[in-house]
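Have a look at the structure below before the remarks.
The values are calculated or read from the model by the stated rules, or taken from the named source; none is laboratory data. The structure presented is a predicted model; accordingly, all values stated were derived computationally and were not measured. Using ideal geometry, Cβ is built from the backbone for each residue, glycine included, and neighbour counts are taken over all protein chains shown. The accessibility values were calculated without ligands, DNA or RNA, using every heavy atom of the protein model including side chains. Shrake-Rupley method; radii C 1.70, N 1.55, O 1.52, S 1.80 Å.
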Amino acid sequence: MKAAVLQVAILALLSQAADGAALTVLSNVTVGQGGAVGAVGNLTVVATADAGGTMRCFDASRPAAPVLRASTPICAESVRAVAAVAALQNESATDAFVVCPTRVAWYQLSEDGKFSEAGYHLADTSFSFSVFSASRMLAATQTHTIMLEIRNGRLLQTSTLPGVAGETAVAFSPDGQRAFVGGQRKVDVFDVADPASPVALASLSVPLLVLANVVVPFGDRYLLVGGPVLCFAVVDISDLANPQTRASMPVDSGLLIAVSRKSAYVACTGTGSVLYKIDLADPAGSTLKIVDTRHFPYIIDGLAATSEALFVATNGNLIALSL
């Protein structure tokens, strides 16, 4: 009874009017603590540490009423930490990847709504993961950054990116031809047109950046970078030899970044969390236009966006917000 009352109280708090016109609550689903969230198409995948580790896949085509398609236990050590979750759709199935402390685990969701474990790749402590296609995946670990691919029904290492170790963020360019690796005071850029032979292109320095723990491309020209102290910056990378920070927002806490349409959604996490909606219609502008904010009483564990809604994992809930 007390849990039900608390759940109602949390939903009431989150449903209060935001400072602007968006980020209103569309739905709230209980999923378990420590959720990492990924989205692809109309699907939202959330991996949590409850019951030894659980992954759930929701049909989010109607964000106000997401439908659970399937759930499955995941790698047992995820009870300690789930670093990231990502998804990839193909003609016959949806591939989901869960980053646990010692492995990247691969699961498949069939059209009839059943999860099955397809394979895994062992790695030392993993920090970040990004997937572009079945032949292009990135994983940042404690000792190196690697390219992975699905080949002959197995999740295999394709190559190791040269000169980067212990990094905390990875991402692909929109066309999958470049890889961005964020770490201490820099973001390294690689040509991965041939995943088996990555080539270092540049090492980008961003003013005030201490640690790039989030990197998110925005179109072909801009890179959204986040980390402690600096928190969030829009970097023009059209000239890799001379990157330009167009605008930044200092917030001294961790953060998550998601992008949908012409907006970036930046979650600055702490004991309580603040979610910002930032207008990127003019990313070359010298100031960031914050068009909406929402405060959360608990840490935001995961953040992902579809074309229809923003999904936030916090305090055991998966909350859909309007864009």
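Inspect all residues belonging to the stretch 292-300 and state whether any of them is touching a residue at least 40 places away in the same chain (Cβ under 8 Å) and within 17 Å of the chain's Cα centre (by Cα).
Scanning the stretch 292-300, I find at least one residue that is touching a residue at least 40 places away in the same chain (Cβ under 8 Å) and within 17 Å of the chain's Cα centre (by Cα), so the answer is yes.
Looking at the structure I just gave you, is Leu204 out of contact with any Ser or Thr (no Cβ under 8 Å at 6 or more places or on another chain) and surrounded by 21 or more Cβ atoms within 10 Å (Cβ to Cβ)?
yes
Take the residues in the stretch 150-188 that are more than 19 Å from the chain's Cα centre (by Cα) and touching a residue at least 40 places away in the same chain (Cβ under 8 Å); name whichever of them is farthest from Gly119 (Cα to Cα).
Among residues in the stretch 150-188 that are more than 19 Å from the chain's Cα centre (by Cα) and touching a residue at least 40 places away in the same chain (Cβ under 8 Å), the one farthest from Gly119 (Cα to Cα) is Ile150.
When you check Val291 against the structure, is it open to solvent by 50 Å² or more (accessible area, probe 1.4 Å), among the β-branched types (Val, Ile, Thr), in contact with a Phe, Trp or Tyr (Cβ under 9 Å, 6 or more places away or on another chain) and in a strand (DSSP E or B), yes or no?
Here the answer is yes, as Val291 does meet what is asked.
Out of all the residues in the stretch 68-85, is one or more at pLDDT 80 or above, out of contact with any Asp or Glu (no Cβ under 9 Å at 6 or more places or on another chain), surrounded by fewer than 20 Cβ atoms within 10 Å (Cβ to Cβ) and charged (D, E, K, R)?
no
Please count how many residues of the stretch 212-233 are within 25 Å of Val131 (Cβ to Cβ) and either hydroxyl-bearing (Ser, Thr, Tyr) or more than 17 Å from the chain's Cα centre (by Cα) (or both).
Result for the stretch 212-233: 3.
Would you confirm, using the coordinates I've provided, whether Asp282 is more than 28 Å from Phe58 (Cβ to Cβ) and either open to solvent by 30 Å² or more (accessible area, probe 1.4 Å) or hydrophobic (A, V, I, L, M, F, W, C) (or both)?
yes
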